[in-house]
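The values are calculated or read from the model by the stated rules, or taken from the named source; none is laboratory data. Source: prediction; values computed, not measured. Glycine gets a Cβ as well: all are built from the backbone with ideal geometry, and neighbour counts include every protein chain shown.
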Amino acid sequence: MDANNALEPAVADRLSPASDPRVLPSGARWRVRDASRAMHEHVELPLDEADAGGGPDPAPMPPAPQRPLRDAELWRLARCGQGAALRLDFELRTTLVRQVFRRDFVYVSRQLHALEASRRVQGLDRACLDGALAALLRRIDAVQALLQRIAADLDAAIATHAAAGARVAFAQPARFQATIVSPLARRYLALLIRADETLCRLEMAWLLCLAAPAGRTALVSDCRRALHGFKDMACHERQAVGALVREVNAQRRAGVAMQRDG
């Protein structure tokens, strides 16, 4: 048997073309006419995405600002203390200041909050407490002055040697959020932001060949030591005032015991 002849019965059994109405059932002829009419009807097509109701794709949502480690501890302090906290969003571009904020901000804020909360302790020597707070404010002012001097020197060099349109950009700037539970903590955050701005100028000066690698490393170390020095001072003042608070509380408990025994 010829293979081509073997396919003929199957082909012969297929339906004739749909254009031949004689082979269609009478009930199906209206479907053919409707389909033919639909093929010739005009169809309105959207001219652009706006006509189609789509529009351009929406811009992606920016990531949520990062918070430092143990940020929830600050909210608990605010809830147990004054009952309110300030939330501030900001950007940090340099690695050093991002590390300091993530690692130290909550710790330093706790020390500063405890110092200011010591005002509520009855019998505490207010002069000692005021002296500790004043010393911390002086240290903040000193660090700010150091950062401003560094930034002023860098700005002078950049203005003299850089092109008018020179700008520095960072590949991975990051958004952060700080929970503020005391006025001194707000001053500390401003110090960190100022340090970040100063280090940004330093990076620009280095890229413009206006700062030697050794000088760049030295200035970064100066900023690091200044920020860590404030952290250490806040811890020291908190411990000193905390010892006074414990002494006052011990005296109060001893007086209550004497009154009870008497």
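Observations on the structure shown:
- Here R67 meets the list (1) surrounded by 14 or more Cβ atoms within 10 Å (Cβ to Cβ); (2) at pLDDT below 95; (3) in contact with a helix residue (DSSP H, G or I) (Cβ under 8 Å, 6 or more places away or on another chain); (4) under 30 Å from C200 (Cβ atoms) almost entirely, failing just condition (3).
- Selection from segment 111-128 of residues that are in contact with a helix residue (DSSP H, G or I) (Cβ under 6 Å, 6 or more places away or on another chain), hydrophobic (A, V, I, L, M, F, W, C) and under 23 Å from R79 (Cα atoms): L112, A114, L115, V121
- Filtered by the rule that a residue be over 16 Å from E197 (Cβ atoms) and in contact with a Pro (Cβ under 6 Å, 6 or more places away or on another chain), segment 86-135 gives D89, R102, F105, V106.
- So A250, is it aliphatic (A, V, I, L, M), at pLDDT 95 or above and part of a helix (DSSP H, G or I): no
- Residue list for segment 181-195, restricted to those being crowded, with 20+ Cβ neighbours inside 10 Å and either touching an Asp or Glu at 6+ places or on another chain (Cβ under 8 Å) or not in a helix (DSSP H, G or I) (or both): V181, S182, L184
- Flag for A234 being in a helix (DSSP H, G or I), among the small types (G, A, S) and in contact (Cβ under 8 Å) with a residue 40 or more places away in the chain: yes
- Number of the condition not met by R175 [criteria: (1) in contact with a strand residue (DSSP E or B) (Cβ under 7 Å, 6 or more places away or on another chain); (2) of a type outside the set (A, V, I, L, M, F, W, C); (3) crowded, with 17+ Cβ neighbours inside 10 Å]: (3)
- Filter result for A163 (exposed (fewer than 13 other Cβ atoms within 10 Å of the Cβ), aliphatic (A, V, I, L, M) and outside any helix (DSSP H, G or I)): yes
- Number of positions in segment 113-143 that are more than 35 Å from the chain's Cα centre (by Cα) and small (G, A, S): 2
- Selection within segment 225-253: residues that are of a type in the set (K, R) and under 30 Å from A195 (Cα atoms). The member of this set that is nearest to the chain's Cα centre (by Cα) is K231.
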